[in-house]
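Read-outs: derived from the displayed coordinates by stated rules, not from any lab. Just so you know, these numbers come straight off a predicted model, no measurement behind them. Quick reminder, even Gly has a Cβ in these numbers, built from the backbone with ideal geometry, and neighbours come from all protein chains shown.
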Amino acid sequence: MVGVDNFSTGSSANLRDALGSRKFRLVRADLVRTSRLPRAGEYYHLASPASPRAYQRDPVGTLLVNSVGTRRVLEAARRADARVLLASTSEVYGDPEVDPQSEGYWGHVNPVGPRSCYDEGKRFAEALSVAYRRRYGLDVRIVRIFNTYGPRMDPGDGRVVSNFIVQGLRGLPFTVYGRGTQRRSYCYVSDLIEGVVRLMAADHGVPTPMNLGNPRGFTVRETAHVVARLLGIEPRLEFRPLPEDDPRRRSPDIRRARRYLDWRPRVPFETGVRRTIEYFRSQGIGGRGT
């Protein structure tokens, strides 16, 4: 097994266990600039900044990794006659006009807004992957990942669950954008990984794109109260203007995953938040000087 990463948004510390295995090899490289990828039987293409804070920091790089980088993965898979899994995102639905969002919904996306580098980058990656399937018969599976959380998240990337946990541990008010009435759904990371692996292993011809996420929804305010309760604190909310194009609702229709993968999320939100709190505490978040 070979991993390729430039760690522009990740940390090599997260691979500590894998690096101790003889079955794993790490290649430090930028997918956009590397000339050739290692030969493999399966390619999991997960390379891209994913949080708004990260992809808006480098919009050009985000677009390139989802275009040039995706082509490099598809070409490598074509040479090796291998299977590819593209990690896409619920952001392809933009600020949706339907709820929940099914794979047949085409989305409501601002192509020139501040989130467009990621939204349109992923939409292009999907289109390119489907073009390779049609033109070359490449076995490509596309997963649309909804909000996912859990241990090893970057404490500074501004995502809802990790943001509230870190702020709570540091004794800070929870940052809420707009009125906090936006609805989100949260899938624990182990559930998401199980779905991704099942999709890669599924029979040829399984329909994709395929949503993976937790259909249970919370408003941002409800999320803050759950996190505060599990931290044992009273929530203090600090309201800020709603960012441009921030989606009002985000909820997956997972009937396709249920039917073809026999998959559904298993970890309750409260259980996953407790585990995530334990992780951040183990990293010294909230301790003196943090």
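Annotations
- Using every pair of distinct Cα positions in the chain, the Kirkwood expression returns a hydrodynamic radius of 19.8 angstrom.
- Residues Asp81 and Arg28, FRET efficiency given R0 of 25 Å [Cβ-Cβ distance, rounded to 0.05]: 0.40
- Calculated over the stretch 147-217, the projected area of the Cα convex hull averaged across directions stands at 6.1 nm².
- Cβ-Cβ FRET estimate between Asp58 and Arg36, R0 fixed at 41 Å, reported to 0.05: 0.95
- Val176, Val60, Val197 arranged by Cβ crowding within 10 Å, fewest neighbours leading: Val60, Val197, Val176
- Computed from label points 7 Å out along Cα-Cβ, the spacing between Met1 and Asn110 is 4.0 nm.
- Take 86-99, 40-53, 266-279, 3-16 and order them by the average number of nearby Cβ atoms within 10 Å per residue, most first; the result is 86-99, 40-53, 266-279, 3-16.
- Degrees between helix 59-80 axis and first principal axis of the chain (Cα, 0 to 90, nearest 10): 40
- Among Lys23, Lys122, the order by Cβ neighbours within 10 angstrom, fewest to most, reads Lys23, Lys122.
- Segment Glu234..Asn14, full-extension length gain: 76.0 nm, with 0.36 nm per residue of separation and the alpha-carbon distance subtracted.
- Site pair Val197 and Arg275 shows an inter-label distance of 1.2 nm when each label is modelled 7 Å from Cα along Cα→Cβ.
- In this calculation the C-beta distance from Tyr177 to Phe124 is compared with R0 = 22 Å, giving a FRET efficiency of 0.20.
- Among beta bridges identified by DSSP and lying wholly in the stretch 125-223, the antiparallel ones come to about 40 percent.
- With Cα atoms, 0 to 90° folded angle of helix 220-231 axis to the chain main axis: 70
- Where trypsin sites (Lys or Arg not before Pro) fall in DSSP loop in the stretch 164-233, at most 11 other Cβ within 10 Å: Arg179
- Spin-label model, Arg216 to Leu242: label points 7 Å out along the Cα-to-beta-carbon direction sit 2.6 nm apart.
- Of all beta bridges that DSSP places with both ends in the stretch 2-282, some 10 percent have antiparallel geometry.
- Percentage relative contact order, the chain, counting C-alpha pairs under 8 Å, at least six apart: 19
- Helical contribution to [θ] at 222 nm, DSSP H n ≥ 4, -39,500 (n - 2.57), averaged over the chain, rounded to 500: -11500 deg cm²/dmol
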